[in-house]
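Enquirer: The following block contains the structure, expressed as structure tokens.
The values are calculated or read from the model by the stated rules, or taken from the named source; none is laboratory data. Just so you know, these numbers come straight off a predicted model, no measurement behind them. So basically every Cβ, Gly included, is an ideal-geometry build from the backbone, and we count neighbours across all protein chains shown. Ligands, DNA and RNA are stripped out before the accessible areas are found, and what is left, the full protein with its side chains, is counted by its heavy atoms. Shrake-Rupley method; radii C 1.70, N 1.55, O 1.52, S 1.80 Å.
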Amino acid sequence: MQSAIALIHHERREYEEAVRIFTAIHKAEPFRLEHMEIYSTDLWHLQKDALLSMLAQDLMQHDKTSAVTWCVAGNCFSALKEHDTAIKFFNRAIQMDPEFPYSYTLLGHELVVTEELEKALGC
């Protein structure tokens with residue numbers, strides 16, 4: 001239920017409130033992966049690099065085979081303006097789960113930033 005409320009706040013661009021709820025969810029369930037990619041995007045929007053880095057580290061320790069984990073790590077490097085690394089991580093997320101659409105979304109955004117527009121269109 002709480003994650004649904006956080007997602008509503010995310011969709012309404014109420015990132016502070018979404019982060020507040022997602023932070024509580026992550027604290028209560030540190031091994032949970034569901035919607036953590038959205039949480040990381042909200043942290044990215046708010047430029048909360050330290051929290052984003054901690055989330056990425058937590059998820060990397062938990063499950064390196066999840067597309068969600070690689071999306072969170074990619075968002076972390078994107079926030080740090082390390083676009084090439086972010087692109088590698090989003091590609092890794094796609095390798096982990098080609099059916100996870102958010103990986104393509106994040107990769108497309110990153111490719112736009114690096115002005116690789118033709119590749120971005122493919123995402």
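Enquirer: Exactly which trypsin sites (Lys or Arg not before Pro) in the range 22-96 are in a DSSP loop and have at most 11 other Cβ atoms within 10 Å?
Expert: On the way: sites: Lys27, Arg32, Lys48, Lys64, Lys81, Lys88, Arg92; in loops: Arg32, Lys48, Lys64, Lys81.
Passing both the DSSP loop test and the Cβ count: Lys81.
Enquirer: For the chain, what is the accessible area per residue in Å², given a 1.4 Å probe and the full set of protein chains?
Expert: Details: 7090 Å² over 123 residues.
Spelled out: the 1.4 Å probe surface of the chain, per residue, equals 58 Å².
Enquirer: State the extension gain, in nm to one decimal, for the chain segment bounded by Lys27 and Thr105, taking 0.36 nm per residue of separation less the distance between their alpha-carbons. Numbers along the way, then the final one.
Expert: Details: separation 78, 0.36 × 78 = 28.08 nm, distance 2.67 nm.
Length gained between Lys27 and Thr105: 25.4 nm.
Enquirer: Ok, one more. Once fully extended, how much extra length lies between Ala4 and Gln95, figured as 0.36 nm per residue of separation less the alpha-carbon to alpha-carbon distance? Each step should come with its number before you reach the end.
Expert: Details: separation 91, 0.36 × 91 = 32.76 nm, distance 2.74 nm.
Stretched out fully, the Ala4 to Gln95 stretch lengthens by 30.0 nm.
Enquirer: Any idea what the relative contact order of the chain is, in percent, if you count C-alpha pairs under 8 Å spaced at least 6 apart? Don't skip to the end; give the middle numbers.
Expert: Numbers: 156 pairs, mean separation 20.3, N = 123.
About 16 percent, as a whole number.
Enquirer: Only loop residues by DSSP count here, and only those with at most 15 other Cβ atoms within 10 Å; note down the GluC sites (Glu not before Pro) in the range 1-57 that meet that. Please report the intermediate quantities before stating the final value.
Expert: On the way: sites: Glu11, Glu14, Glu16, Glu17, Glu34, Glu37; in loops: Glu14, Glu34.
Answer in residue order: Glu14, Glu34.
Enquirer: What angle, in degrees between 0 and 90 and rounded to the nearest 10, separates the Cα long axis of helix 101-113 from the longest principal axis of the Cα atoms of the chain?
Expert: Between helix and principal axis, roughly 60 degrees.
Enquirer: What is the distance, in nm, between label points placed 7 Å from the Cα along the Cα-to-Cβ direction at Glu116 and at Asp58?
Expert: About 3.0 nm, to one decimal.
Enquirer: For the chain, with all protein chains present and a 1.4 Å probe, just round the carbon and sulfur fraction of the accessible area to a whole percent. If you can, show how the numbers build up before the last one.
Expert: Details: 3920 of 7090 Å².
Answer for the chain: carbon and sulfur cover 55 percent of the accessible area.
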